[in-house]
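**Student:** Mind having a look at this structure? Questions to follow.
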Amino acid sequence: MELEKIEKLVNHLLSAQDKHTEINKLTETHCPDLTIKEAYAIQKALIEKRLARGEAIAGPKMGLTSQAKLQQMAVDDPIYGYVLDSMLIEDGGTIAINEYIHPKVEPELGFVLKEEIKGPGVTKEDVLAATDFIFPAIEIIDSRYRNFQFTLPDVIADNASAAGAVFGTSIKKLGTLDLETIGVVLEINGKVKEVGAGAAVLNHPAEAVARLVNILAEQGKSVKPGQPILTGAMTAAVKIEAGDYVEVKFGEGVGVVRLFVS
Ligand code: 0L1
Ligand code: MG
C-alpha cells in the first residue's frame, strides 16, 4: 500500500478518535481487500503519528485471546496493539464517557518481564521463567468503527481497539500462583456482570505473552524488560456508561482495580 494512502487512513482513524465519532470500516469505504500485513502497516503508522504528537508507548497489548473471539473472527491467531501513556488512568481514577465513542471494559492480567525473550519458538514456560511480576488491570476498548463491528484487518489497523488502561498498583511475584485457574469478577455498580478465569486467555495468560513475543519476532521486534504487557480479556467485554463504578477483583491475592465513569 502506498504511503500516501496509509497516511490518509491513519488520519481518518485518528480523527474518529479525536472527535469521538464512529466511522465506517476501512474495508467498507476505503480498501475492501485490506490484508493483515497492510493493516499492521497502518497500525504502525498510526502509533508513529501519535508518538510524533508527544505520546509514548506504555506497552503492548494482546487482543482476541479468547476462544469465543477467535471463533467469532474465524482466526487462529490473536492480534496485538499498543497501550500509550495518554491512555493510562490511575487506579480508582475517573474517565469522562464523552471522551470515548462506545467504550467497554475488560479484566486483564498484566505481565512485566525481568529479561528479554526473543521469538520464534518462545513457550509459556519461557515466559514464566522470564517474568518479574504480574499485576491486575482493566483495559478500556473503544472501537472507532460503527457499532463496534469490524473485520480482522479493520481492528488491527485500529490498534486493536485500544483506548485506555488502568494498571492496578498491587504487583505480585509468580511464586506458586496458578494463572490458569485464577479467577476474576467484574462488577459494575456493585452488581456482578462477568466472571472468568485465567484459562479464558489462550488456556493460560503466559501463552498470550509467548504468542506476542513470537509474532513480534516475525517483524524483528521484541518486548523490553520492564514494559507492561496486557495479556487479553479474562471475560467478555462490558459496555460502560456515565455514572458507572467498575470494580474488578482478581483471585489469589492479585488484587482489585477500580474505575469511575462520569
Ligand atoms: O483487547 C481486545 O481483546 C480487543 C481486541 C479487538 C477486538 C475488540 O475490540 O473486541
Ligand atoms: Mg483487551
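The values are calculated or read from the model by the stated rules, or taken from the named source; none is laboratory data. Computed from a predicted structure; not experimentally measured. Here the Cβ is made from the backbone with ideal geometry for all residues, glycine too, and neighbour counts use every protein chain on show. Quick note on the areas: whole protein, heavy atoms, side chains included, nothing else; ligands and nucleic acids left out. Shrake-Rupley method; radii C 1.70, N 1.55, O 1.52, S 1.80 Å.
**Student:** Just subtract the alpha-carbon distance of residue 67 and residue 96 from 0.36 nm times their residue separation and send over the number in nm, one decimal.
**Tutor:** Taking 0.36 nm per residue and subtracting the Cα distance, the gain is 7.3 nm.
**Student:** Once phi is turned into θ = phi - 60°, what whole-Hz ³J(HN,Hα) does the Karplus curve with 6.51, -1.76 and 1.60 give for every residue of segment 60-69, x standing for Gly and Pro?
**Tutor:** x, 10, 9, x, 6, 9, 9, 4, 4, 6
**Student:** Mind ordering 222-228, 15-21, 209-215 by average Cβ neighbours within 10 Å, highest first? Before the final figure, lay out the partial values.
**Tutor:** Numbers: 222-228: 15.9, 15-21: 14.0, 209-215: 23.6.
The most tightly packed comes first, giving 209-215, 222-228, 15-21.
**Student:** Moving on to the next point. Take the Cβ-Cβ distance between residue 170 and residue 217 as r, set R0 to 30 Å, and report the resulting FRET efficiency rounded to the nearest 0.05.
**Tutor:** Given R0 = 30 Å and the Cβ-Cβ separation, E is 0.45.
**Student:** Same structure, new question: Calculate, for residue 85 and residue 24, the FRET efficiency according to 1/(1 + (r/R0)^6) with r their C-beta to C-beta distance and R0 35 Å; round to the nearest 0.05.
**Tutor:** On the way: r = 29 Å, r/R0 = 0.84.
Efficiency at R0 = 35 Å is approximately 0.75.
**Student:** Between Rg and the Kirkwood Rh of the chain, both from Cα atoms, what is the Rg to Rh ratio?
**Tutor:** Ratio of gyration radius to Kirkwood radius for the chain: 0.94.
**Student:** Any lysines with Cα under 27 Å of the residue 25 Cα? List them, leaving off those in the same chain fewer than 8 positions away.
**Tutor:** 5, 8, 37, 44, 49, 61, 69, 104, 239
**Student:** Got a sec to turn the phi values of segment 143-152 into Karplus ³J(HN,Hα) couplings, 6.51 cos²θ - 1.76 cosθ + 1.60 with θ = phi - 60°, whole Hz, x for Gly and Pro?
**Tutor:** Here the 3J(HN,Hα) series is 4, 7, 9, 3, 6, 6, 10, 7, 9, 4 Hz.
**Student:** Assuming R0 = 41 Å, what is the FRET efficiency of residue 11 and residue 133, from their Cβ-Cβ distance, to the nearest 0.05?
**Tutor:** Computed FRET efficiency for residue 11 and residue 133 comes out at 0.60.
**Student:** Next up: Please list 29, 169, 176 from largest to smallest accessible area, probe radius 1.4 Å, with all protein chains kept in place.
**Tutor:** 176, 169, 29
**Student:** Can you count the Lys pairs in segment 117-233 with C-alpha separation below 24 Å, eight or more apart or on different chains?
**Tutor:** The result is 10.
**Student:** Here's another thing I want to ask about it. Can you give me the accessible area per residue for the chain, using a 1.4 Å probe, in Å²?
**Tutor:** That works out to 43 Å² per residue.
**Student:** Considering only DSSP states other than H, G, I, E and B, which GluC sites (Glu not before Pro) in segment 100-195 qualify as loop sites with at most 14 other Cβ atoms within 10 Å?
**Tutor:** Working: sites: 108, 115, 116, 125, 139, 180, 187, 194; in loops: 115, 116, 180.
Here the GluC sites (Glu not before Pro) that fit, given the DSSP loop and packing criteria, are 115, 116.
**Student:** Sticking with this structure for a sec: What ranking, highest mean first, results for peptides 42-50, 2-10, 60-68 when packing means the other Cβ atoms within 10 Å averaged over each residue?
**Tutor:** 60-68, 42-50, 2-10
**Student:** Each residue of segment 24-41 in order: what ³J(HN,Hα) in whole Hz does its phi give by Karplus 6.51 cos²θ - 1.76 cosθ + 1.60, θ = phi - 60°, with x for Gly and Pro?
**Tutor:** The phi angles translate into 6, 4, 4, 6, 8, 10, 10, 8, x, 9, 3, 8, 4, 4, 5, 4, 5, 5 Hz.
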